[in-house]
1. On the full set of protein chains, 1.4 Å probe, figure out the accessible area of Ser42 and give it in Å² to the nearest 10.
2. Using a cut-off of 10 Å between beta-carbons, work out the net charge of the residues near Trp110 (Lys and Arg +1, Asp and Glu -1, Trp110 not included).
3. 7 Å from Cα along Cα→Cβ at both Trp37 and Lys111: what's the point-to-point distance in nm?
4. In the full protein assembly as shown, how much of Glu49 is accessible to a 1.4 Å probe, in Å² to the nearest 10?
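The values are calculated or read from the model by the stated rules, or taken from the named source; none is laboratory data. Model, not experiment: these values are computed from the prediction. Reconstructed Cβ throughout: ideal geometry from the backbone, glycine too, with neighbour counts over all protein chains shown. For accessibility, only protein heavy atoms count, side chains too; no ligands or nucleic acids. Shrake-Rupley method; radii C 1.70, N 1.55, O 1.52, S 1.80 Å.
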Amino acid sequence: YRYGLSTYDAYDIFADAVLRAVKHLERNDEIPHILGWLHNTSYKIIQEEYRKKLYRTKVVKKLSSKDEFTSKSNADIFSDEEMSLVADLINSLDPLEKSIIVWKSKRLKWKQICIKLAEEKLISMDDLEDPKTLERIKRRGNRAAYKIKNLIQEASKVYN
């Protein structure tokens, strides 16, 4: 549970470890302590899955268009359907939310994001003067990120 895996994932991990043991034995390699070997292999599988999950999260934050999702470097992490889905989710946001997500993924500060939005004419210059604008943009960005995250989690359940 430390790695955010469910009970169902535990069965999959154990089955994968057993498959690796069978392959190992088919190569005529010995496994002197099978329980210890299965434990260590299962732990390595968990670490691999956790790294993939972290990488997926990092990639999703950085990508904002279908063109970027089709790069070959992401093909081994995302299936074509997943890449298309995530791109569609981001592109389905209204222009203001999409711009906020894109600028935040580039690690801009909220004040800088507000200035960029004004330059893109998504908010007015008068709004920049209003002290509440910064808080509104933060909330809007956080809601958009939360919406994308939930939709991706729901979609990943379908693919898994």
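1. Ignoring ligands and nucleic acids, Ser42 comes out at about 20 Å².
2. Neighbour charge sum, excluding Trp110 itself: +3.
3. 6.1 nm
4. 80 Å²
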